[in-house]
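First comes the structure, then the notes that go with it.
The values are calculated or read from the model by the stated rules, or taken from the named source; none is laboratory data. These numbers were taken from a predicted model, which means no experiment stands behind them. Reconstructed Cβ throughout: ideal geometry from the backbone, glycine too, with neighbour counts over all protein chains shown.
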């Protein structure tokens, strides 16, 4: 044992070098912070989030309600992680759904609506007439609405999301719900939620180890 | 917010990225697709953590202490680059697609739905290998048994908490009880890996190793079984509305066959090992061994 202790004492320098190597590699997040091992490279990112349009409908018959979306809403959902240099490659609408929930004073039995996207004076059909749905007592289930979507409105929505997330547009747009409740004359007091899930694909320049990423870029 | 990919790529893989930059990689995925997307991480970690893990042979001479540094890399095999992903609600109609895993192609895969809808399977990082550097200590031999330790811990900063890797293994010389053409050792090694509250991995290796001594070293052949469980827990929305997503990974490649050798030079030893089963791995290391003979 003494022999071992003596040898270890004589090897203090080696030991210090050894430990320093370990600690230094930890401190700089391992060897890849080394500029010889990393370079600026383009990487593709994907972010998915929902835009939810909520309407309180309180009517005895027909209704037209608007939910306004401004650039902050879109930026909060999709743009927060995007740097100034990032390039948005693609916006996809994954799908849409809607749900009703009724208030206690609701007397209506059925409801139907269609949705439009409106920006400035332009108004485009986003969702075709849903047909009559029974109004639930309280919170109702969510219905898939992809089959009701209109490609013209969908294209416009994707364009708006792209512009707002990329800070190319600082305005606002409305999603309108136009509908009818039955029976006419009875109080319809419900909340309508339309959810649209978008995925944004963007490309950004990042400091990455050699061999990763698509191609080199200017960091 | 999804921090799992960040953690994997900044620490486990590791690379030089900052917090929120990677939150979105698997944000498009719920449990099932996230499992397929992340699966290679578990298998590559298991390969890298255990290749060359038995670095120091118990000396025939009795007591010894070894201090070493192990560098390993596990190489991605081709079928780890894709998985069969399924589209998820509210996309319709449901479709499957060959999608990139986290080590797969960088380009996303998009499938088209009805009325202008589309579903995006995110791209990966096109990684070729996963490297790991770990310090280690071995102490023995007590009745043909030696104990190995690994430990690495540090604060990650931001709000990620602590990175902590811990390993403890025991190997025992079986041929002290019977004669055989080589020395034979049985071993069990446990390693854990924790990152904050979000990643918790337990890795096990049960091994049998045949070893022959040479003039200035030794060489060996090892067969092992390596199960693991890794749990990733993350909050998709960074809010308290939805429950956090929890993803469990288990081994797709638990069989480990390894060839290796060690060159003995005075008080230090150079060693190398190769994992011969996918995902293939290599290991190199240096150990300073203090025993009663040097």
| said: Need the failing condition index for residue A:157 against (1) within 25 Å of residue B:120 (Cα to Cα); (2) surrounded by fewer than 19 Cβ atoms within 10 Å (Cβ to Cβ), just the number. | reply: (2)
| query | For the range A:84-99, what are the residues that are more than 8 Å from chain B (Cβ to nearest Cβ) and either surrounded by fewer than 22 Cβ atoms within 10 Å (Cβ to Cβ) or within 13 Å of the chain's Cα centre (by Cα) (or both)? | reply | A:84, A:85, A:86, A:87, A:88, A:89, A:91, A:99
| message | Regarding the range A:20-35, can at least one residue be identified that is at pLDDT 80 or above and either at negative phi or surrounded by fewer than 15 Cβ atoms within 10 Å (Cβ to Cβ) (or both)? | response | no
| task | Considering each of B:92, B:84 in turn, give the residue that is surrounded by fewer than 22 Cβ atoms within 10 Å (Cβ to Cβ) and not in a strand (DSSP E or B). | result | B:92
| request: Check the range B:97-105 and report whether any residue there is within 7 Å of chain A (Cβ to nearest Cβ), at pLDDT below 90 and not in a strand (DSSP E or B). | output: no
| query | Can you name the residue in the range B:117-140 that is buried (at least 23 other Cβ atoms within 10 Å of the Cβ) and more than 7 Å from every other protein chain (Cβ to nearest Cβ) and, of all such residues, is farthest from residue B:166 (Cα to Cα)? | reply | B:121
| Selection count, the range B:215-250, where residues are at pLDDT 95 or above and in contact with a helix residue (DSSP H, G or I) (Cβ under 6 Å, 6 or more places away or on another chain) | 2
| query | So residue B:146 clears everything in (1) touching a residue at least 60 places away in the same chain (Cβ under 8 Å); (2) more than 7 Å from chain A (Cβ to nearest Cβ); (3) part of a strand (DSSP E or B); (4) within 21 Å of the chain's Cα centre (by Cα) except one condition, right? Which one? | reply | (4)
| said: Six or more apart or on different chains, Cβ atoms under 6 Å: show the pairs whose first residue is in the range A:133-156 and in contact (Cβ under 8 Å) with a residue 60 or more places away in the chain and whose second is buried (at least 19 other Cβ atoms within 10 Å of the Cβ) and part of a strand (DSSP E or B). | reply: A:154/A:93
| field | Residue list for the range A:182-219, filter: away from chain B (no Cβ under 14 Å), at pLDDT 95 or above and part of a strand (DSSP E or B) | value | A:188, A:189, A:190, A:191, A:192
